[in-house]
Every structure is written in structure tokens, then in C-alpha cells.
1. Does region 267-291 hold any residues that are closer than 20 Å to Arg108 by Cβ and outside any loop (DSSP other than H, G, I, E, B), and which are they?
2. Could you list all residues from region 168-219 that are open to solvent by less than 70 Å² (accessible area, probe 1.4 Å), part of a loop (DSSP other than H, G, I, E, B) and acidic (Asp, Glu)?
3. Could you identify the single residue in Arg51, Arg92 that is under 24 Å from Tyr196 (Cα atoms) and more than 15 Å from the chain's Cα centre (by Cα)?
4. Could you check, for region 244-264, whether at least one of its residues is among the charged types (D, E, K, R) and in a loop (DSSP other than H, G, I, E, B)?
5. If Thr133 passes every condition in (1) open to solvent by less than 10 Å² (accessible area, probe 1.4 Å); (2) assigned to a helix (DSSP H, G or I) but one, which one does it miss?
6. Select from region 292-344 the residues that are among the aliphatic types (A, V, I, L, M), open to solvent by 60 Å² or more (accessible area, probe 1.4 Å), more than 17 Å from Leu164 (Cβ to Cβ) and not in a helix (DSSP H, G or I) and list them in ascending order.
7. With the condition kept exactly as written, say whether any residue in region 314-321 is in contact with a strand residue (DSSP E or B) (Cβ under 6 Å, 6 or more places away or on another chain) and of a type in the set (Phe, Trp, Tyr).
8. Got a sec? Which of Leu46, Leu60, Leu96 is surrounded by 21 or more Cβ atoms within 10 Å (Cβ to Cβ) and in contact with a Leu (Cβ under 6 Å, 6 or more places away or on another chain)?
Amino acid sequence: MGFLDTARADGLARRDFDVTTADGVGIRVRELRPAAVDAGREPLILIHGARVPGVGSFDLPVSGGSLAADLAERARRIVYVMDARGYGGSQRPVALDRPADKAPPQARAFEVVRDIAAAVSAAKAQAGQGTVTLLGWATGGMWAAFYASLHPEDVGHLVTLNALYGGAAQHSQLGPGSAVSDPHHPDRLNPAIGAYGLNDAASLLPGWDRSIPIADKAAWRDPAVLAAYQDAALASDPQSSRRTPPAFRAPMGAIEDSFYQAGGRRLFDASSITAALLIIRSERDFWSRPEDASSLAHDAVHAASVRLITLANATHYVHLDRPEHGRSQLLDEIVAFLASRPAG
């Protein structure tokens with residue numbers, strides 16, 4: 001493993017290191033360690049979604065921008081933030097260095113669960129615990145639940161935030177018949193989507209802006225958090241500055257898997273999950289649907305416990321919004337859930 005210490009004024013010890021998956025892919029992980037760690041607490045691994053990697057999603061260097069830091073301090077446990085293959089500091093598939101139309105979508109879910117496995121193994125060893133907590137946002141929630149269904153012995157607690165699960169056959173922007181479906185085979189993703197997508201800073205705004213129900217977006221979302229989010233997303237790809245405007249690459253495997261989930265196909269069997277399960281959905285989420293949350297809760301018949309909550313009037317980006325617009329409740333719910341059952 002290679003290590004890089006990163007300093008921050010919040011009092012948490014940070015270090016970045018690399019682990020290697022079973023199929024030989026290098027995965028970047030950031031550890032955040034509070035000054036006081038309660039004995040016996042599971043380490044917590046945060047898993048990003050389809051576009052912005054781990055640090056950009058969960059550990060921005062501005063107030064209100066680090067869910068990872070807030071959870072490390074409040075839950076008094078070690079937190080890990082990982083990048084799936086093709087994202088951030090993790091190894092990129094060769095196809096991401098070629099024209100996007102030369103390969104199919106990269107970093108599919110069956111591959112990302114290998115990345116999670118490598119992070120889980122490292123987290124368990126470093127924290128001295130037999131199980132971990134997984135928390136995934138959006139596509140990261142689907143990946144986390146997929147992993148928990150395949151490796152139930154590794155996961156004591158599972159949190160999904162605004163995750164698809166194949167709970168309904170219709171979706172506003174994905175799935176059969178949508179703008180991204182194959183015109184010749186509407187139940188398939190359009191193959192023209194390619195191996196990866198390019199995302200500039202402005203592309204991170206429209207869905208977020210539309211879901212904020214007031215004209216003054218700054219009253220709902222701190223401009224400093226937004227700027228840090230955009231900066232971190234661009235900085236996650238060393239090639240972003242070569243493009244005009246600067247744009248970062250994001251593998252499209254997450255979109256293919258989400259396309260199937262949006263059309264009602266489930267990629268894993270939730271009945272295999274044995275962890276305590278917390279399913280969180282924002283009321284104003286544009287990605288997951290109420291049926292995804294309720295179906296996951298219904299299917300997780302062997303989970304140690306199941307709690308499903310809706311964050312009233314919150315957006316898909318609730319963990320980056322201002323505290324009074326759902327972020328405080330999100331933190332309260334997660335911290336209470338982690339304390340509700342002995343870990344390890």
C-alpha cells in the first residue's frame with residue numbers, strides 16, 4: 001500500500017492509501033480517524049455515486065462539505081472514503097484513455113463489488129473489527145447493497161441513501177423508452193453512450209437546481225460547498241484541464257446498471273442481506289423512487305433490522321445542502337442507527 005498524509009484543520013487524522021482488488025486493480029481509499037475512537041465500533045466505508053468520486057462527494061474542505069468528517073466525529077469511529085475503479089485516485093480501465101465510443105460502459109456493478117471487497121478487507125484489518133458499515137449514496141447505495149448481499153458476513157450495518165433498486169418499471173430519465181435507451185431496442189441502453197462520459201462543472205448543477213424548491217439556491221445550498229464540489233470533481237481527473245471547458249471522465253457502467261434498475265430489473269437478491277439496514281430517501285430525490293425504498297425494505301427479509309425513512313423536502317444532494325434542509329436530520333438518523341445495535 002502507498003500512503004499520503006493529508007492535513008486538515010478539523011482535528012481528524014487523514015491518510016490516503018491504495019489497495020489491490022482480486023482482479024489486480026488499484027483502489028484509492030482515504031481514512032479519517034478521530035482523536036477518540038470508541039472500542040468495538042465498526043469502521044464505516046462511504047461509497048460515492050455515478051459521477052463524482054469519493055473525496056468530492058464526502059470530504060470537501062469547507063464547512064458542511066464533509067459527511068465523512070462529521071460522521072467520524074459524531075459516531076466516534078474510523079471512516080473510509082473509497083473511489084471505485086475508473087474514478088478519482090483509483091486505477092482507470094484502459095478504455096478510459098481511448099475515445100469513448102471504442103468500448104462499452106466501464107466499471108459495471110459486478111466489478112465495483114470487487115473494489116468494495118478490497119476496501120472492506122483493509123478497513124477490517126486496520127480497525128481490528130470483523131465487520132464494517134457500508135454507506136452508499138445513489139449508485140453507491142446500489143453497489144453497497146449488492147456487496148452486502150454477496151458478502152453478508154462482512155457487513156454489520158448498511159445504509160443506502162437515494163438508491164435505485166428496481167422497484168418500478170418507469171423512471172423520469174432512465175430505463176426503457178427514455179432518452180438514453182437504444183432506439184432499435186428500447187429496453188436496452190443506447191450503445192452510443194460509450195465507455196465513459198465527460199462532465200464539466202456546469203453539468204453538476206441542473207438536477208440539483210431543479211430539485212431545490214426556491215429561487216434563491218444559495219439559501220438552500222452554501223455556495224462554498226458547491227464551489228468545492230465542482231473543484232474536487234474536476235481535480236479528480238488529471239486530464240480534466242486538457243479539455244475546454246475542463247471536464248472529468250466518469251465511467252458509464254453505473255449508468256447501464258442504473259438503466260436496468262430504473263426499468264424494474266434487480267441486480268441482486270436483497271434476501272441475502274443480514275446487516276441492520278437503514279434505507280434513506282429524500283422526498284425531492286430525482287434518482288430513486290419511493291418504490292425502490294419500499295421494495296428493498298420488503299425484500300430484505302433476513303436483515304437484522306430494517307428502518308425506512310423519508311427526509312421531508314430534502315434533495316438528492318441532501319448531505320451537501322444546508323443543515324436545515326435535511327442534512328442535520330440525515331446525520332442524526334445515521335448516528336442513531338449506528339448506535340442502535342452493538343457492532344462487531
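1. Step one: filter region 267-291 for residues closer than 20 Å to Arg108 by Cβ, giving 267-270, 272, 287-288.
Residues satisfying the conditions are Ala270, Ser272.
2. Asp182
3. Details: Arg51 fails: more than 15 Å from the chain's Cα centre (by Cα).
None of the other options fit; the residue is Arg92.
4. Filtering region 244-264 for residues among the charged types (D, E, K, R) gives 249, 256-257.
Next, only the ones that are in a loop (DSSP other than H, G, I, E, B) stay: none.
So far as region 244-264 goes, no, none of its residues is among the charged types (D, E, K, R) and in a loop (DSSP other than H, G, I, E, B).
5. (2)
6. Listed by number, the residues that qualify are Val301, Val306, Ala312.
7. No, region 314-321 contains no residue that is in contact with a strand residue (DSSP E or B) (Cβ under 6 Å, 6 or more places away or on another chain) and of a type in the set (Phe, Trp, Tyr).
8. Working: Leu60 fails: in contact with a Leu (Cβ under 6 Å, 6 or more places away or on another chain); Leu96 fails: in contact with a Leu (Cβ under 6 Å, 6 or more places away or on another chain).
Only one candidate qualifies: Leu46.
The values are calculated or read from the model by the stated rules, or taken from the named source; none is laboratory data. Model, not experiment: these values are computed from the prediction. Here the Cβ is made from the backbone with ideal geometry for all residues, glycine too, and neighbour counts use every protein chain on show. Please note that ligands, DNA and RNA were not included when accessible areas were found on the heavy atoms of the full protein model with its side chains. Shrake-Rupley method; radii C 1.70, N 1.55, O 1.52, S 1.80 Å.
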